[in-house]
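To start, the structure under review is shown below, and the notes come after it.
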Amino acid sequence: MALSYAIPTVFFIVGAMRLKSPKTARTGMWWIAMGMIVGVGGTVLLHPDIPWGLTIAVMAIGSGLGVFIAKRVKMTAMPQMVAVFNGMGGGGAALVALDSLGHFRSLGAFAALIATITLVIGSISFSGSSIAFLKLQEWLHGPRLSRTVQATMTGLGLLLLLSLVSLRIANQPVPGLAIWIMIAAVFEGVMLVIPIGGADMPVVISMLNALTGLAAAATGFLISNNVLIVAGALVGASGTILTQQMSRAMNRSLRHILFSSLAQSGTGTPGHGDLDGTMIEASHEDVAMLLTYSRNIIVVPGFGLAASRAQQEVRQLMEKLAGHQVGVKFAIHPVAGRMPGHMNVLLAEANIPYDRLFEMDAINQEFKDADVALVIGANDVTNPAAKTEPNSPLFGMPVLNVDQAKKVIVLKRGKNPGFSGVDNPLYTRSHTSMLFGDAKDSLGKLIQAIE
Ligand code: NAP
């Protein structure tokens, strides 16, 4: 019995440690999957009351769906997939808690408390993750509710949820109480996540991830399953650390992210590419000439690079420039792209050496000495308004000092804003030139021009 729980625990920990580097992350996932198989197998073997046929059928359907979705999903849509899977974890935990509370009289006071907490956290995680999915998929852009309506509804929802939970703890015989708690928590999850957007979204996703981990661990207590406790605790702890690190990288507290968005709802300044000033357009030949005559260039990759799958072209450009004795470094912003580490994974895939990649804090001082900052499909992470415009939704988020480079070249398709929907004044500065077009296509033409 103990062994069937100890082995998966070791596998999970080894797997999680291997996730630290892109080189070992792939095998890390295998360790974790193996741990899960041993854990589930051990649980089924040790509990003869669990129906074998049903367990295998459910696992086959779930695993089949998981493989199907994971194989089809694009790298750029990974956060949506994480949000969906996360929501399912939260929803699953909430359903187990709901079932346990259905026969709460035999549960005991402590178990009933744990079940109630699991129901609340799991339901918030389910609905919050579902809203995060819809927003990341750009199917939902947030309701046009005024700040007061939004804040009042969230406050009343919280009050209702706390009252229902108090009734549950006081053991009051209210018909369908657990279902009402679930509905109130689902509502609260929606209200909390719906006003959040832009640069704060990655932090919210990792926070929901941490909540799901906690809900799973609590479910483990409910159904006396140590593997679930360990797996949930690992997800909860790593999600919490990631949330802290991302909040720090964005220079925002979690409280600010969750509640200041209420204050800003409906008052954002969406970008439409109609910035004051004009953008200067450059030709491929001009940019190729500028790059080959530079001594040091800092490349700033962003979501557009991933969307156009141009990482191989970036490596080729780096090699061509090396032939002209041009030094190329890459500046990686902590939330560039659509998931933590997105740019590192992308550039590693194209065999760009790790020692060329620099975290924001390590390279930000070097922009002022760079001949060219070559921005490839990045937008929000370069927006100088984050440093200077207190009214900007991005204000306070540390950004790359691209504007300090002697010359800035921006590769993007048109005048669309980035994920946060905010215009970028960098594009109309006198030392910035725009090279419009798909990043892969533009880089291909630049390489040709250099040749
Ligand atoms: P961004 O602000 O989303 O900007 C990407 C830019 O790429 C867009 O302005 C777009 O302009 C351009 N683009 C899109 N497709 C392109 C293509 N095929 N070729 C060339 N350009 C293309 O990206 P970012 O600077 O990387 O910033 C990331 C944003 O996502 C942040 O706001 C961050 O908070 C958010 N976010 C991050 C994570 C995470 O964990 N990293 C998760 C969720 C959200 P055009 O359409 O005009 O081409």
Name, by its number, the condition in (1) under 24 Å from ARG295 (Cβ atoms); (2) away from the ligand (no atom under 16 Å from the Cβ) that does not hold for ASN391.
-> (1)
What tally of residues in segment 402-445 results from selecting those that are near the ligand (Cβ under 7 Å from one of its atoms) and of a type in the set (S, T, N, Q)?
-> 2
Checked segment 190-225 for anything touching a residue at least 60 places away in the same chain (Cβ under 8 Å), over 24 Å from VAL422 (Cα atoms) and in a loop (DSSP other than H, G, I, E, B); matches are ILE223, ASN225
Just one of (1) at pLDDT below 95; (2) open to solvent by less than 40 Å² (accessible area, probe 1.4 Å); (3) away from the ligand (no atom under 15 Å from the Cβ) trips up GLY277, so point out which.
-> (2)
Please work out which residue is farthest from LEU107 (Cα to Cα), limiting yourself to segment 238-269 and to residues that are open to solvent by less than 50 Å² (accessible area, probe 1.4 Å) and modelled with pLDDT of 90 or more.
-> THR243
Do any residues in segment 314-342 that are touching a residue at least 24 places away in the same chain (Cβ under 8 Å) and small (Gly, Ala, Ser) have Cβ atoms under 6 Å from those of residues that are within 13 Å of the ligand (Cβ to nearest atom) and open to solvent by 50 Å² or more (accessible area, probe 1.4 Å), where the two are at least six apart or on different chains, and which pairs are they?
-> GLY337/PHE303
In this structure, is PRO175 surrounded by fewer than 18 Cβ atoms within 10 Å (Cβ to Cβ) and either within 22 Å of the chain's Cα centre (by Cα) or more than 16 Å from the ligand (Cβ to nearest atom) (or both)?
-> yes
Identify the single condition in (1) in contact (Cβ under 8 Å) with a residue 24 or more places away in the chain; (2) closer than 30 Å to PHE303 by Cβ that GLY157 does not satisfy, given that it satisfies every other one.
-> (2)
When GLU138 is run through (1) assigned to a loop (DSSP other than H, G, I, E, B); (2) out of contact with any helix residue (DSSP H, G or I) (no Cβ under 6 Å at 6 or more places or on another chain); (3) at negative phi; (4) within 16 Å of the ligand (Cβ to nearest atom), the failure sits at (3)
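The values are calculated or read from the model by the stated rules, or taken from the named source; none is laboratory data. A quick note: this is a predicted structure, and the numbers were derived from the prediction, not measured. Quick reminder, even Gly has a Cβ in these numbers, built from the backbone with ideal geometry, and neighbours come from all protein chains shown. The accessibility values were calculated without ligands, DNA or RNA, using every heavy atom of the protein model including side chains. Shrake-Rupley method; radii C 1.70, N 1.55, O 1.52, S 1.80 Å.
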